[in-house]
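To keep things clear, I will list the structure first and then write my remarks on it.
Bear in mind that the values in this text are calculations on the coordinates, not laboratory data. In this text, all values refer to a predicted model and were calculated from it rather than measured experimentally. We place every Cβ from the backbone using ideal geometry, glycine too, and count neighbours over all the protein chains shown.
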Amino acid sequence: MTIEIGHFSLILASALALVSAFGGLVLWRRGERLAAILAQSALLQFLLVGIAFAALVQAFVVSDFSLALAANNSHSLKPLIYKISGVWGNHEGSLVLWILILVLFGALVAAFGRRLPDDLFNLVQGTQSLLVAAFGAFTLFTSNPFERLTQPPLEGADLNPVLQDIGLAIHPPLLYAGYVGFSICFSFAIAALVSGRIDQAWARWVRPWTMLSWIFLTLGIAMGSYWAYYELGWGGWWFWDPVENASFMPWLAGTALLHSALVMEKRNALKIWTIFLSIITFSLSLLGTFLVRSGVLTSVHTFASDPTRGLVILTMLAVLIGGAFLLFAMRASALRQGGLFAPISREGALILNNLFLATAIGAILVGTLYPLLLDALVGTSISVGAPFFDLTFGALMAPLLLVLPFGPLLPWKRADLVAAGQRLMGAAALAVFLTILISALGGISISLAPVGLLLGFWVLFGSFAEIIERARIGRIPARESVRRLMGLPRSIWATALGHMGLGLTVLGIVSVTAWETELVTTLNPGESAELAGYEITFEDFAQVPGPNYMADTGIFAVTAPGGQVAHLHAERRSYVASGMPTTEAAIETYGLSQLYLQLGEPLADTHVLRVWHKPYILLIWIGTLVMSGAGVLSLTDRRLRFGAPKQARRHSIEAAE
């Protein structure tokens, strides 16, 4: 009965969303009364989809295998956390999670956005409801998660073993919150184009939603990267997989949107570009949905392989995004450009930032889609891998990192580049000194590693140049400097921390790429091997039963250069239901570096062991956490709220004067 209640709730939510879409997009001029109705509708949609999602969770938790979804993706022996995560570890259940987050953001706008002008609020809720109705219909008619089995099996087929991990319990909800969160930016863009409210107030309304989505997407990508690193057993943290690229492109577009919206808010400029970015960011999210669910890719990340579903998603993408761009094309020419500024200014720096990010998105998009299009059109299969992406993306990011510290030091409208450079002399000197020192200690070789280190340190130290300048550290008494630091707006601290996090990530990437060492050997119990000063002793081998698997476990003693001894367990698991093997790496952390052990397949009388020493690899994920924390800090700034003072009504588009 619970399943039927969930099914009916999803149907009702989709029908309600369709009615709300009509009301919001057609009757948007009806004002406050319609706004109140749409707000209640958004909250009710969230309640109904929440009931549908809870029904699926309940079926997985109690192992109700009369539900086809549970029978195909669960097993009674699974730990509880993986029974729950199994709800979204498949195509149908993940769509319900997608819709749940979609209606959650609509409900958040209803709760925190009532200070928006009524016409804009109506259009935002109407657009958001249209998305809910579209995805609800797609789920119900092509991917029904509530389908019953007339003859339920005694046991389920189990979830893909590589997905039975805490990282995959966390990664999809975070990633979806970022993906789907950008739907609010899309809805705001459509509302602005229809109503004509494209001004500084609009930018202020859209920025916090952009920031919130960007934070979730940052955490989701970082969690996925770390999961791939420790769970898949290959020792890498990024593969330039097409589905990884599909999540990275919205992140780059969202980063550009954050900076563009800032220019629009502060200087009433870049209106057309900001609206365009709001549309393209969510468009890239939908493109990722198509790649994951269309069957055009074969990857551990993909959910579905039904071309019919892919065709439906492609049609949805064409209608929703094509309609948005058509509206954009019709209205963009009527928009006033806004304030003027010199090329050397903070506006100019942010535009340069956007140009590099947009070009990087284009390069990744071409590298991702070109093999697929070539195969579809002429039947030729090619592979575009890491060398292409490393070269093109790295070449675009290097100049961006070079100019990044200048941006916060440049005033609005017109600036003196030489004066900003003088304020960064200390950061530059410190970056050069540390780069030379580390390169000398690590062994100087002909590579790009010193350049990467220099850029990483440059961004890291340059990120706090504005704070040092504002506090006048070293030029006034320390007590006065501290008082100035305490009085700085949180948004300034957030900018510094965000750039600092990027610098840390760059340093982690460069360090592990340049100085990682690897050993592949065979060992028997009692034998030892050495790598980067670490002695690895194979102590014992045993078969250890798990809740729903049997594990071949290698027990190793690792002696660090300083004499510390750690005992590690590396496993190869075979799952009861599917018989599918997985690799569970053993990882020991030494400061910011890690030693990574992978137990290979057993040979006749010995065991294969792969060992990596990964210097400073944790900086990659520490940097992403710092960037996300900077976003959270920015949201707490009193000047950046989800609501804003209600503006005077203005229904016509600002025409060029």
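Worth pointing out:
- When restricted to Cα atoms, region 517-614 yields an Rg and a Dmax of 13.6, 44 Å, respectively.
- Under 16 Å from the Cα of LYS78 - aspartates and glutamates, other chains or at least 8 residues apart: ASP64, GLU155, ASP158, ASP165
- What the phi angles of region 590-603 give under the Karplus curve with 6.51, -1.76 and 1.60, with θ = phi - 60°, is a coupling list of 10, x, 9, 9, 9, 9, 10, 10, 10, 8, x, 5, x, 8 Hz, glycine and proline written as x.
- With each label modelled as a point 7 angstrom along the Cα→C-beta vector, the ALA157-PHE388 pair spans 3.3 nm.
- Estimated vicinal HN-Hα couplings, Hz - region 326-335 in sequence order (Karplus 6.51, -1.76, 1.60; Gly, Pro = x): 5, 4, 4, 5, 6, 9, 4, 5, 8, 8
- For region 553-560, putting each phi into the Karplus relation 6.51 cos²θ - 1.76 cosθ + 1.60 with θ = phi - 60° gives couplings of 10, x, 10, 10, 9, 10, 9, 6 Hz, in residue order, rounded to whole numbers and with x for Gly and Pro.
- Neighbour-count ranking [beta-carbon atoms within 10 angstrom, fewest first] of GLU518, GLU584: GLU518, GLU584
- Take 114-124, 25-35 and order them by the average number of nearby Cβ atoms within 10 Å per residue, most first; the result is 114-124, 25-35.
- For the chain, calculated [θ]222 nm from helices alone, where every DSSP H run of n ≥ 4 adds -39500 (n - 2.57): -21000 deg cm²/dmol
- Set of aspartates and glutamates with alpha-carbon distance to LYS271 below 17 Å, sequence-local pairs under 8 removed: ASP199, GLU347, GLU654, GLU657
- Mean projected area in nm² (Cα convex hull; one quarter of hull surface) for the chain: 32.9 nm²
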